[in-house]
1. Out of the residues in the stretch 23-53 that are among the charged types (D, E, K, R) and within 12 Å of ligand 1 (Cβ to nearest atom), which is farthest from MET203 (Cα to Cα)?
2. Select from the stretch 165-178 the residues that are surrounded by fewer than 22 Cβ atoms within 10 Å (Cβ to Cβ) and of a type in the set (A, V, I, L, M) and write down the one among them that is farthest from ARG84 (Cα to Cα).
3. Evaluate the stretch 148-157: report whether one residue or more is under 24 Å from ASP53 (Cα atoms), out of contact with any Pro (no Cβ under 8 Å at 6 or more places or on another chain) and surrounded by fewer than 17 Cβ atoms within 10 Å (Cβ to Cβ).
4. Please verify whether ILE24 is assigned by TED's automatic domain parsing to the domain that holds GLU159, in contact with a His (Cβ under 9 Å, 6 or more places away or on another chain), more than 19 Å from ILE196 (Cβ to Cβ) and among the hydrophobic types (A, V, I, L, M, F, W, C), treating the condition exactly as stated.
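The values are calculated or read from the model by the stated rules, or taken from the named source; none is laboratory data. Just so you know, these numbers come straight off a predicted model, no measurement behind them. Here the Cβ is made from the backbone with ideal geometry for all residues, glycine too, and neighbour counts use every protein chain on show.
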Amino acid sequence: MSEPLVRFRAVNKSFGRAQVLRGIDFDVPAGECVGLAGLNGAGKTTLIKCLLDFCDLDSGAIEVHGVKHHRPQARARLAFLPERFTAPYFLTGREFIAMMLQLFGSRYEEERVRAMFAALDLEAAALEQPVRAYSKGMTQKLGLAACFLSGRDLYVLDEPMSGLDAKARVRAKDLLLKVKSDGRTVFLISHSLADIEEVCDRMIVPHLGTRAFLRCIEAHG
Ligand SMILES: Nc1ncnc2c1ncn2[C@@H]1O[C@H](COP(=O)(O)OP(=O)(O)O)[C@@H](O)[C@H]1O
Ligand SMILES: [Mg+2]
């Protein structure tokens with residue numbers, strides 16, 4: 001097995017008296033696509049927020065590339081798509097992509113950007129439109145395009161298929177497989193087993209909610 005790129009060790013997190021994460025312990029190996037599954041409210045997004053240091057752990061440790069998660073360096077090689085992605089309303093699609101590529105330290109190349117839009121079934125005309133005029137699906141595609149154009153090693157995607165129609169889901173999955181075949185690492189968070197099954201090498205189910213999740217799978221055959 002390859003080196004772990006992300007390492008969760010005995011991670012605990014509560015909100016008030018509700019323990020959301022209990023003893024979370026797993027690795028995301030480099031070059032693999034790992035799916036984090038679980039019912040709504042199981043704690044998937046909370047785990048990602050802990051990984052990205054958006055909230056504190058109660059106890060435990062997280063490392064990315066061997067670097068402790070709260071150091072900025074731990075985030076230097078990853079691209080993240082949040083669960084409810086929105087772009088700053090005053091930007092056009094092109095301005096948003098250009099801003100993100102600058103943050104990622106990559107150059108804006110019109111041809112690459114257009115090819116990525118086409119790969120995600122997003123019309124090139126959307127480049128000129130303000131993002132406030134985008135539909136939910138277009139917004140999600142824009143967020144995915146920025147991530148996939150980043151050229152980063154690790155992709156942390158929280159419910160990346162949300163808001164996408166059937167055609168766009170297929171396109172997004174194709175891009176995920178391409179990212180993986182390029183040797184990158186994907187950490188895909190989804191409540192949908194089907195999405196995880198199609199693209200991931202392995203699936204993790206956070207402890208809390210596991211039993212309910214398995215009952216749910218059994219119930220739906
Ligand atoms: N900032 C917060 N304050 C209090 N409770 C929270 C907070 N964020 C999440 N929770 C609770 O933690 C649980 C897990 O939420 P979340 O991680 O968003 O689940 P998932 O992403 O698996 O659907 C839920 O019960 C949610 O209400
Ligand atoms: Mg979530």
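1. LYS49
2. The residue in question is LEU177.
3. For the stretch 148-157, residues under 24 Å from ASP53 (Cα atoms), out of contact with any Pro (no Cβ under 8 Å at 6 or more places or on another chain) and surrounded by fewer than 17 Cβ atoms within 10 Å (Cβ to Cβ): present.
4. Answer is no for this residue.
Matching residues to (1) more than 19 Å from the chain's Cα centre (by Cα); (2) within 16 Å of ligand 2 (Cβ to nearest atom); (3) of a type in the set (A, V, I, L, M, F, W, C); (4) under 27 Å from HIS191 (Cβ atoms):
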{"site": "PRO29", "(1), (2), (3), (4)": "no, no, no, yes"}
{"site": "GLY35", "(1), (2), (3), (4)": "no, yes, no, yes"}
{"site": "GLY43", "(1), (2), (3), (4)": "no, yes, no, yes"}
{"site": "ASP53", "(1), (2), (3), (4)": "no, no, no, yes"}
{"site": "ILE62", "(1), (2), (3), (4)": "no, no, yes, yes"}
{"site": "GLU83", "(1), (2), (3), (4)": "no, yes, no, yes"}
{"site": "TYR108", "(1), (2), (3), (4)": "yes, no, no, no"}
